[in-house]
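The values are calculated or read from the model by the stated rules, or taken from the named source; none is laboratory data. These figures come from a predicted structure and were not determined experimentally. Cβ coordinates were reconstructed from backbone atoms using ideal geometry, including for glycine residues, and neighbour counts include every protein chain displayed. These accessible areas exclude ligands, DNA and RNA; they are computed on the full protein's heavy atoms, side chains included. Shrake-Rupley method; radii C 1.70, N 1.55, O 1.52, S 1.80 Å.
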Amino acid sequence: MSLVNLRSPVRPAPSKPSLAGAARPASAPRRAKDPHAADGPLVEVADASVVMGGRTVWSTVSASVAPGEFVAILGPNGVGKSTLLKACLGLIPLASGRVRLLGRAPGGANAEVGYLPQRRSFDASLRVRGLDVVRLGLDGDRWGLPLPGRRSREAAATVARLVELVGAGAYAHRPVGQLSGGEQQRLLIAQALARGPRLLMLDEPLDSLDLPNQAAVAGLISRICRDEGVAVMMVAHDVNPILGYLDRVIYLGQGGAVSGTPDEVITSDTLSRLYGTPIEVLTASDGRLVVVGQPEAPAQHTDRHGDR
């Protein structure tokens with residue numbers, strides 16, 4: 001029997017979805033509805049299954065993310081939380097079922113998604129400034145140095161607004177390798193917002209952060225979701241730092257999933273049915289949730305960051 005405290009903190013991502021998906025300039029009002037955007041959920045997963053290396057990671061998963069929602073993907077290590085994000089982005093194929101991302105097939109709308117993969121620390125000797133990391137979200141897919149002119153001035157202004165939005169102005173001019181984990185993560189979130197995405201997909205952005213930084217980054221993500229009108233789909237190992245901000249959760253386990261509000265899903269009865277074994281959800285004196293009896297999935301990955 002395992003005791004799992006439901007707690008939840010990159011380098012620039014390679015090609016496929018733009019690591020910088022986009023964001024709107026800081027301090028702008030809440031995003032107005034795009035008249036060309038399809039009504040309905042931004043993410044739709046219907047009876048989807050993924051098989052990797054002959055093993056079914058999860059099956060018959062159905063879930064959705066509506067515009068402006070803050071949704072967490074939860075579950076023990078190895079159940080395929082990161083795989084769900086990657087399947088939505090078209091980075092991992094489905095074995096069956098259907099996924100629609102912003103009304104299109106997986107991979108067809110990645111330019112409108114801000115994707116932040118699981119975090120690796122920057123090398124301490126890296127001299128690239130925080131500003132440059134954010135700028136990569138705008139033009140990191142272009143060859144050569146930016147030329148002076150209107151486009152360059154506009155890009156610099158956008159970077160400055162994003163740095164202000166994430167509260168990184170005090171250290172954005174410093175080499176990113178010299179910054180703390182929390183400071184680096186704020187800059188990477190700014191990078192993911194650089195092209196004004198409708199949806200942020202964040203893979204364990206609180207991993208390896210201390211508790212104060214977890215709380216600060218969780219609050220920042222919630223504020224971006226609320227004030228900028230950007231929906232958030234976030235993988236978390238620990239729900240507690242984000243519990244008060246969530247609209248809904250997708251809880252993976254035993255090859256399937258259950259979706260709903262935190263009060264509906266994170267209960268003894270619901271998780272016991274999901275795992276097919278007695279699970280107890282306890283509330284600590286400080287309000288934190290603790291799940292007792294939650295089984296870990298069989299180890300399948302040698303890289304701890306390979307999938308969650």
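Here are a few things to note about the model shown:
- Radius of gyration and maximum dimension Dmax of the range 50-127, Cα, Å: 14.7, 46
- Dimensionless Rg/Rh of the range 107-257 - Kirkwood Rh, Rg from C-alpha atoms: 0.98
- In terms of the mean number of neighbouring beta-carbon atoms within 10 Å, the peptides 129-138, 153-162, 241-250 order highest first as 129-138, 241-250, 153-162.
- In Hz, Karplus ³J(HN,Hα) per residue of the range 93-110 (6.51, -1.76, 1.60; θ = phi - 60°; x = Gly, Pro): x, 7, 7, 6, x, 9, 10, 10, 10, 6, x, 10, 5, x, x, x, 10, 5
- Accessible surface of the range 111-252, 1.4 Å probe, proportion on carbon and sulfur as whole %: 53 percent
- Efficiency of FRET from Cβ geometry, R127 and D286, R₀ 45 Å, rounded to 0.05: 0.60
- Counting only protein chain heavy atoms and rolling a 1.4 Å probe, the accessible areas of H173, H237 rank, largest first, as H173, H237.
- Counting only protein heavy atoms and using a 1.4 Å probe, the accessible area of E164 comes to about 130 Å².
- For peptides 111-123, 267-279, sequence by mean Cβ density within 10 Å, most packed first: 111-123, 267-279
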